[in-house]
1. In whole Hz, with x marking every Gly and Pro, tabulate ³J(HN,Hα) for region 6-18 from phi via Karplus 6.51 cos²θ - 1.76 cosθ + 1.60, θ = phi - 60°.
2. For region 3-134, what is the convex hull (Cα atoms) projected area averaged across all directions, in square nanometres?
3. Quick one: compute the contact order of region 144-219, relative version, from alpha carbon pairs under 8 angstrom and 6+ residues apart, as a percent.
4. Whole Å is fine, so just give me how far the alpha carbon centre of region 1-37 lies from that of region 87-118.
5. Taking H placed 1.01 Å from N in the peptide plane, check which residues at least 5 places from Gly122 or on another chain put their amide H under 5 Å from its amide H.
6. Residues with amide H under 5 Å of Leu139's amide H, sequence separation 5 or more or different chain, H placed in the peptide plane at 1.01 Å from N; which?
7. Under the 0.36 nm per residue contour assumption, what length would be gained going from the current alpha-carbon distance of Ser55 and Arg33 to full extension?
8. Have a look at Ala76, Met7, Ala110 and report the one farthest towards the positive end of the charge dipole of region 3-134, computed about the Cα centre with Cβ charges (Lys/Arg +1, Asp/Glu -1).
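Read-outs throughout are calculated quantities, based only on the coordinates presented, and are distinct from any laboratory measurement. Predicted model, so just to flag it, every value in this text is computed and none were measured. Reconstructed Cβ throughout: ideal geometry from the backbone, glycine too, with neighbour counts over all protein chains shown.
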Amino acid sequence: MFIGMSMTGDVVTVGPETGILAAQDAMVRNDIRHLPVVVENGILVGIITDRDIRSAMPSTMLSGSERAALKGRLEAMKVKEIMTANPVTVSPTDTLEDALLMMQKMKVGAFPVVDQDGKLKGIISVRDLMRAFVTVLGLEEPGALIGIVVEDKLGQVKKIVDAITELRVSFGSVLVARVWEEGKRAVFPYLLTSNIAKVKNHLRELGFTLLDPMEWYLDRLPKRSAEDETQTKEGKK
C-alpha cells in the first residue's frame, strides 16, 4: 500500500514565527504530537514535536524565581528556534513498508509527506500505520488467528492455503515468520470464521503441527523461581 492512501491529509500546521506555547496548545486541542512547519504556498521547512516543546520548558528542579524568570523567554520563543529544520520526508508514492522501516531505523514517530516541489501533502504517523495495517490484515472483521509450524522450504504456505480453502474458509491475511526454529518457519493465517475448531482438526488430520500464539508468547515470558513464589505467598500473609 502507498503512503498517499493512508496518510493524514488534513494536517494541522504552524509557521516558523508561531510561538511555541501556541504550538503546544494546537497539539493539545487536536490530540497530536507532531506539527509540520510550513511557509508560503505550503512549502515544508521543518517539524516540531511535543518532545521539542517539553525540552524547552523549565525544569521542575528550578526554584520558583528561576522559573518565573524564564516565563517571559518562553512566551517570546518561536517555533523556528526549536524545530527540526529540513526534516526527513516521504512521498505519497512511497510504501507503508518504507515508512515503517524508516521509523524503526530513525526512532521517530512521524514523517511529513511532500510532493516533488517540497509542498506538504500530509503526514504519516505510527497511528496511521497501525490503522492501515489493521485494515490490510483484515483484523476489523470477526475471525481467529492460528499458528502452524512448517519446514522451511518452498510450497509449505500453498499447502496450508489449499487445506483451509477446502473447507471454504476465507482468509483475512497470512503472515509468515521466516525466522523461527532452525529449519522451521511459522505461518499465521487470520481466518474469517467462527468455527476455528473445525479448521484446526482438519489441519491436524493432514499432519500439520499447530501452535497457539498466546501459549507460545506466555512460554517465552521470564519464569518465576520457586523462591520468588515463596516470597510472594509470605508477603500476602
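1. 10, 5, 8, x, 8, 9, 7, 10, 9, x, x, 8, 5
2. 8.8 nm²
3. Values: 103 pairs, mean separation 33.2, N = 76.
Computed value for region 144-219: 44 percent relative contact order.
4. If you average the Cα positions of each part, the centres end up 15 Å apart.
5. Val113
6. Sorted by chain and number, the residues that satisfy this come to none at all.
7. Fully extending the segment from Ser55 to Arg33 adds 6.6 nm.
8. So the residue we want is Ala76.
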